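J.: Take this structure first; my questions come after.
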Amino acid sequence: MVFCDGNPAAPVMLVGEAPGTEEDRTGRPFTGDTGLLLDRILKAIGLDRTEQNPAAAVYISNILNWRPPGNRTPSPAELDVSLPFIERHIALAQPRLLILCGGLAAKTLLGTGETIARLRGKWHDYTPLTDGITDKKIAIPALVTYHPSYLLNMPAQKKAVWQDMLALQEKRRESGLL
């Protein structure tokens, strides 16, 4: 099981898709080359998963907490089973901002069929899709961006992610989180 990493008191929570081989081996999300790249991206805007100070910390989890067999894309049934758990996880962590890494995370949590190319680069309101997750339906600003594993294969998209991180930095400033 690969559950979470980082500071649960952080006002920024990042949600990825599903653990890969390295994450499965270590029990931590975003490790190996993908994790190193994510850590460099986050550090560039003053965030760190190892930071004790919540203002500079990030909390990380995934839609799925296990690696699908053969490292395949999670099935719709697996996503349906996992959705209430990640939504309850988000409700318990109470982040002020969400970063949704990858199309699968974005589509699942935002309840849309839009492509990541259409979703990224703008803010969305995340509210739980599962009934009874929270007493109150408070929308959390959510930013969609490319997954670091995608960037390892498509380095030209790093510019787009940098723009997303600048938007995150601005939203943190506007929200009084800096």
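J.: Got at least one residue in region 88-99 being touching a helix residue (DSSP H, G or I) at 6+ places or on another chain (Cβ under 9 Å), hydrophobic (A, V, I, L, M, F, W, C) and free of Cβ contacts under 8 Å to residues at least 60 places away in the same chain?
T.: no
J.: If you take the residues in region 28-61 that are assigned to a loop (DSSP other than H, G, I, E, B) and open to solvent by less than 30 Å² (accessible area, probe 1.4 Å), which one is farthest from Ile99 (Cα to Cα)? Before you say what the answer is, go through the steps one by one.
T.: Taking region 28-61 as the starting set, the residues that turn out to be assigned to a loop (DSSP other than H, G, I, E, B) are 28-31, 45-47, 49-53, 58.
If we keep only those that are open to solvent by less than 30 Å² (accessible area, probe 1.4 Å) too, we end up with 29-31, 45, 47, 49, 58.
Details: Pro29: 14, Phe30: 14, Thr31: 17, Ile45: 13, Leu47: 12, Arg49: 13, Val58: 10 Å.
The qualifying residue farthest from Ile99 (Cα to Cα) is Thr31.
J.: Can you find a residue that is assigned to a helix (DSSP H, G or I), open to solvent by 90 Å² or more (accessible area, probe 1.4 Å), of a type outside the set (Ser, Thr, Tyr) and touching a residue at least 24 places away in the same chain (Cβ under 8 Å) anywhere in region 163-178?
T.: Yes, that holds for at least one residue.
J.: List pairs: first residue in region 136-157 and under 21 Å from Gly20 (Cα atoms), second residue part of a helix (DSSP H, G or I) and small (Gly, Ala, Ser) anywhere in the structure, Cβ distance under 7 angstrom, at least six positions apart or on different chains.
T.: Pairs that qualify, where the first residue is under 21 Å from Gly20 (Cα atoms) and the partner is part of a helix (DSSP H, G or I) and small (Gly, Ala, Ser), are Val144/Ala106; Tyr146/Ala160.
J.: Quick one: count up the residues across region 39-78 that are out of contact with any Cys (no Cβ under 9 Å at 6 or more places or on another chain), closer than 20 Å to Ala105 by Cβ and of a type in the set (Ser, Thr, Tyr).
T.: 2
J.: Report, ordered by the first and then the second residue, all pairs with beta carbons closer than 6 Å, sequence separation of six or more or different chains, a first member in region 25-48 that is closer than 23 Å to Arg67 by Cβ, and a second member that is charged (D, E, K, R).
T.: Arg28/Asp5; Pro29/Asp5; Pro29/Glu23; Thr31/Glu22; Thr31/Glu23; Gly32/Glu22
J.: Moving on. Quick check on region 106-147: of everything there that is out of contact with any helix residue (DSSP H, G or I) (no Cβ under 8 Å at 6 or more places or on another chain) and of a type in the set (Val, Ile, Thr), which residue is modelled with the lowest pLDDT?
T.: Among them, the one singled out is Ile138.
J.: If you go through region 136-156 one residue at a time, how many are farther than 17 Å from Arg96 by Cα, out of contact with any Gly (no Cβ under 9 Å at 6 or more places or on another chain) and surrounded by 11 or more Cβ atoms within 10 Å (Cβ to Cβ)?
T.: 3
J.: Let me ask something additional. Among the residues of region 106-133, write down those that are surrounded by 14 or more Cβ atoms within 10 Å (Cβ to Cβ), among the small types (Gly, Ala, Ser) and assigned to a helix (DSSP H, G or I).
T.: Within region 106-133, just Ala106 meets the criteria.
J.: Report, by residue number, each residue of region 19-41 that is of a type in the set (Lys, Arg) and modelled with pLDDT of 95 or more.
T.: Restricting attention to region 19-41, the residues satisfying the condition of being of a type in the set (Lys, Arg) are 25, 28, 40.
Of everything in region 19-41, those that are of a type in the set (Lys, Arg) and modelled with pLDDT of 95 or more turn out to be Arg28, Arg40.
The values are calculated or read from the model by the stated rules, or taken from the named source; none is laboratory data. Since the model is a prediction, treat every value here as computed from it, not as a measurement. Methodologically, a virtual Cβ is constructed for each residue, glycine included, from the backbone with ideal geometry; neighbour enumeration extends over all protein chains shown. These accessible areas exclude ligands, DNA and RNA; they are computed on the full protein's heavy atoms, side chains included. Shrake-Rupley method; radii C 1.70, N 1.55, O 1.52, S 1.80 Å.
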